[in-house]
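The values are calculated or read from the model by the stated rules, or taken from the named source; none is laboratory data. Because the structure is a prediction, the values reported are computed rather than measured. Cβ coordinates were reconstructed from backbone atoms using ideal geometry, including for glycine residues, and neighbour counts include every protein chain displayed.
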Amino acid sequence: TMSDKYNIAFVLGGPGAGKGTQCSKIVEEFGYVHLSAGDLLREERAKLGSEFGELIEGHIKNGTIVPVEITCSLLERAMKDSKKNEFLIDGFPRNQDNLEGWNKQMGDKVNLKFVLFFECPLNVCTQRCLDRGAAGSGRADDNMESLKKRFNTYMTATMPIIEHYESLDLVRKIDATQSPDEVFEEVKKLFT
Ligand code: UP5
Ligand code: MG
């Protein structure tokens, strides 16, 4: 039955579209567990003696995508450790390698409810990330040089994944240009 599987929603959208911000609101109101693949990778990178630290750092600075074996294992471990059953998986899957690796490792263990897609134009996303960098985010990729690369990866590698899920009628598209509260009004409708 469905009930012995994890219920998940993937959360996608460009860099700075507001995935993390909206996930926090969903957690508050609907009690999902939020797992940001980027946050898990940054945590893993920061671990003393992590064998993947340098590899992760390189990918994040260049806006390229970490091999799926690493990301998928971090996600599965976090899911197990949480002892919960409902997850928002934020910022994943981002390319074909991610999609195939996930399906192979997790396909039988999850029920994918939908893919929440935050649509936000490049200029708005860029400004949000630059503002966050200027405010001291400490993120190695909140600078113009990394942002150009993040966007390039998003357009060439991640959009095809969104299109794949669109063809399965699983994408729920949200205009992410309004204020966080206004965006959340739209998000809520999908969870109630
Ligand atoms: N903000 C948010 N919503 C706003 C709104 N409605 N109006 C005005 N401002 C708004 O928001 C970004 C900023 O904008 C914040 O300052 C926020 O206050 C403001 P946030 O909610 O953080 O947006 P988010 O979409 O989560 O942006 P993030 O920068 O996290 O997106 P990315 O997708 O670029 O970053 P992520 O952490 O997912 O990935 C980083 C890198 O990790 C990738 O480039 C890649 O190298 C690597 N990675 C992998 O290799 N594999 C993975 O599976 C995942 C990541
Ligand atoms: Mg994020």
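One table, with the values for the structure above:
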read-out	value
Of all residues making up region 17-29, the number that are touching a strand residue (DSSP E or B) at 6+ places or on another chain (Cβ under 8 Å) and of a type outside the set (Gly, Ala, Ser)	5
Residue tally, condition more than 19 Å from residue 137 (Cα to Cα) and touching a Leu at 6+ places or on another chain (Cβ under 7 Å), over region 36-55	0
Check on residue 115, in contact (Cβ under 8 Å) with a residue 40 or more places away in the chain and farther than 15 Å from residue 91 by Cβ	no
Single match in 118, 92 (criterion: part of a strand (DSSP E or B) and either crowded, with 16+ Cβ neighbours inside 10 Å or more than 8 Å from ligand 1 (Cβ to nearest atom) (or both))	118
Residue within region 177-185 that is assigned to a helix (DSSP H, G or I) and either in contact with a strand residue (DSSP E or B) (Cβ under 8 Å, 6 or more places away or on another chain) or modelled with pLDDT under 95 (or both) present	yes
Every residue from region 67-91 that is within 16 Å of ligand 2 (Cβ to nearest atom) and either acidic (Asp, Glu) or without any contact (Cβ under 8 Å) to a residue 40 or more places away in the chain (or both)	71, 74, 90
Test set (1) surrounded by 15 or more Cβ atoms within 10 Å (Cβ to Cβ); (2) more than 24 Å from residue 171 (Cα to Cα) - residue 51 fails condition number	(1)
Close pairs (8 angstrom Cβ cut-off, 6 or more residues apart or separate chains): at positive phi and in contact (Cβ under 8 Å) with a residue 40 or more places away in the chain in region 12-31, surrounded by fewer than 16 Cβ atoms within 10 Å (Cβ to Cβ) and among the β-branched types (Val, Ile, Thr) anywhere	16/124
Selection count, region 17-48, where residues are touching a helix residue (DSSP H, G or I) at 6+ places or on another chain (Cβ under 9 Å) and either of a type in the set (A, V, I, L, M, F, W, C) or loosely packed, with under 15 Cβ neighbours inside 10 Å (or both)	12
